[in-house]
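The values are calculated or read from the model by the stated rules, or taken from the named source; none is laboratory data. Note that the structure is predicted; figures quoted are calculated from it, not measured. Please note: Cβ atoms are built from the backbone with ideal geometry, for glycine as well, and neighbour counts cover all protein chains shown.
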Amino acid sequence: METIENAQNQTNEMRINNEVKNYLIETAKWGKFLAIVGYVFLGIIVLVGLLFIVGVSWLNSFSANPARFAGVIYFIIALVYYFPINFLHKFSNSIRNGLESDSETMVTFGFQNLKSLFKFMGIITIIVLAIYVLFFLIAIVTGLAIASM
């Protein structure tokens, strides 16, 4: 009985053939490239945010406050941008290392990070769409209020 169950488990396991393995390795390489480019742009965003916050401190006028606000916005954007880049980087490294060492645990961790990347991007998309709908409703209400005057 036990040997039948073992035989069934072995036939139900998915095997990664060389073609799929090559596709995953190539995907991991492109993912790593995009993650590195993302980290570079993330650094630029942080530097621009610092420039807005610290660089305008010598201004003693009201124009310094909007620049500081813009710097804070840049930091928020950088914080949000960090997570998908990090998930992509972890996916790329884990897939490549897992396939090279035949480690199912590493490949699973890589796909877990890919899932997290898509989940994060889906949540951000839902939030942005909700903001668009909110702005659209505000625009309609404002337009109706102005038209009724």
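Brief remarks on what is shown
- Members of region 37-56 that are free of Cβ contacts under 8 Å to residues at least 24 places away in the same chain and of a type in the set (A, V, I, L, M, F, W, C): VAL37, VAL40, ILE44, LEU47, LEU50, LEU51, PHE52, ILE53, VAL54, VAL56
- Qualifying residue in region 80-88 (condition: farther than 17 Å from LEU34 by Cβ, surrounded by 13 or more Cβ atoms within 10 Å (Cβ to Cβ) and either among the small types (Gly, Ala, Ser) or under 13 Å from the mean Cα position of the chain (by Cα) (or both)): no
- Number of positions in region 88-120 that are under 14 Å from GLY31 (Cβ atoms) and either of a type in the set (A, V, I, L, M) or outside any helix (DSSP H, G or I) (or both): 6
- For GLU13, the conditions (1) modelled with pLDDT under 95; (2) within 30 Å of TYR81 (Cα to Cα); (3) surrounded by fewer than 15 Cβ atoms within 10 Å (Cβ to Cβ) are fulfilled apart from (2).
- Out of ILE85, ILE53, one residue alone is at pLDDT below 95, in a helix (DSSP H, G or I) and within 21 Å of VAL40 (Cα to Cα). It is ILE53.
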